[in-house]
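Student: Below you will find the structure I want to go over with you.
The values are calculated or read from the model by the stated rules, or taken from the named source; none is laboratory data. Bear in mind the structure is a predicted one, so any value in this text is a computation, not a measurement. Here Cβ is always computed from backbone atoms with ideal geometry, including for glycine, and neighbour counts include all displayed protein chains.
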């Protein structure tokens, strides 16, 4: 067992040593960021595959009532937007190279990655597996978790376990991965979301998307009681 504090020793350095050509990566986490991919691009380009589980419902629709839908929507939207960088990766977003990184990341995902999302109410522990080595206490696949950027925690203790101590986590992940009742494949939705960062859009499309993001909650609440009278011409 080994402790990694992301200060004296960083997770990204340990992963750089552990990830080999053909390695099989498995991860259950809240966030996936294209900037974490960029930080480990050299190592990740040679892996065999990555299986990623969003531990909370992400890139899926909620069928609950309106109030529950709104409470669900806000954190869900935050997790989905984390693809383009979390709140602690602002500096990286400001470097204006998001389009190039997103394009490379999307191409890599198409070849190497499968994403699934938690669709139920059960809690899924967060951890990462590199072949038969496990890392526990990782919130997301972000540059903060890798130790490249500072987050909001006073200190971090990532626990590294090697085989045979990590075998139980490997077995647990494999069992969960094949559970179609608790997980839904969202790979195409993730790819489409990342692709939107580099696809060219018309000014009209951007205008309407902006209007939607400003007014969508108002539109959800509108009813005949508050709708303007069309005969007034307004």
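Student: What do you reckon, is residue 163 at pLDDT below 95, in contact with a helix residue (DSSP H, G or I) (Cβ under 6 Å, 6 or more places away or on another chain) and either assigned to a strand (DSSP E or B) or surrounded by 10 or more Cβ atoms within 10 Å (Cβ to Cβ) (or both)?
Tutor: Values: at pLDDT below 95: yes; in contact with a helix residue (DSSP H, G or I) (Cβ under 6 Å, 6 or more places away or on another chain): no; either assigned to a strand (DSSP E or B) or surrounded by 10 or more Cβ atoms within 10 Å (Cβ to Cβ) (or both): yes.
No, not satisfied.
Student: Which residues, taken from the stretch 145-160, are assigned to a strand (DSSP E or B) and surrounded by fewer than 18 Cβ atoms within 10 Å (Cβ to Cβ)?
Tutor: Residue satisfying the conditions is 159 alone.
Student: Take the conditions farther than 19 Å from residue 3 by Cα, surrounded by fewer than 12 Cβ atoms within 10 Å (Cβ to Cβ), at pLDDT 70 or above and out of contact with any strand residue (DSSP E or B) (no Cβ under 9 Å at 6 or more places or on another chain) and apply them to residue 234. Does it pass?
Tutor: no
Student: Would you say residue 83 is surrounded by 15 or more Cβ atoms within 10 Å (Cβ to Cβ) and either at pLDDT 90 or above or in a strand (DSSP E or B) (or both)?
Tutor: Details: surrounded by 15 or more Cβ atoms within 10 Å (Cβ to Cβ): yes; either at pLDDT 90 or above or in a strand (DSSP E or B) (or both): no.
Spelling it out, it is not the case that residue 83 is surrounded by 15 or more Cβ atoms within 10 Å (Cβ to Cβ) and either at pLDDT 90 or above or in a strand (DSSP E or B) (or both).
Student: Tell me, please, whether a residue that is at pLDDT 95 or above and farther than 22 Å from residue 159 by Cα can be found in the stretch 20-29.
Tutor: Yes, some residue in the stretch 20-29 is at pLDDT 95 or above and farther than 22 Å from residue 159 by Cα.
Student: Evaluate the stretch 179-195: report whether one residue or more is modelled with pLDDT under 75, within 24 Å of residue 56 (Cα to Cα) and in a helix (DSSP H, G or I).
Tutor: no
Student: Show me the strands (runs of 3 or more DSSP E) entirely contained within the stretch 1-64 in which 1 or more residues are touching a strand residue (DSSP E or B) at 6+ places or on another chain (Cβ under 7 Å), without any contact (Cβ under 8 Å) to a residue 40 or more places away in the chain and under 16 Å from residue 149 (Cβ atoms). Break it down into steps so the answer makes sense when it comes.
Tutor: Values: elements: 2-4, 24-29, 49-54.
Where strands (runs of 3 or more DSSP E) fall fully within the stretch 1-64, none carries at least 1 residues being touching a strand residue (DSSP E or B) at 6+ places or on another chain (Cβ under 7 Å), without any contact (Cβ under 8 Å) to a residue 40 or more places away in the chain and under 16 Å from residue 149 (Cβ atoms).
One line per residue, one yes/no per condition, for (1) at pLDDT 70 or above; (2) surrounded by fewer than 19 Cβ atoms within 10 Å (Cβ to Cβ):
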position	(1), (2)
71	no, yes
89	no, no
92	no, no
96	no, yes
108	yes, yes
115	yes, no
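Student: Cβ-Cβ under 7 Å, sequence separation 6+ or interchain: first residue in the stretch 139-156 and at positive phi and in contact (Cβ under 8 Å) with a residue 40 or more places away in the chain, partner buried (at least 19 other Cβ atoms within 10 Å of the Cβ) and part of a loop (DSSP other than H, G, I, E, B). Which pairs?
Tutor: Filtered contacts from the stretch 139-156: 147/6.
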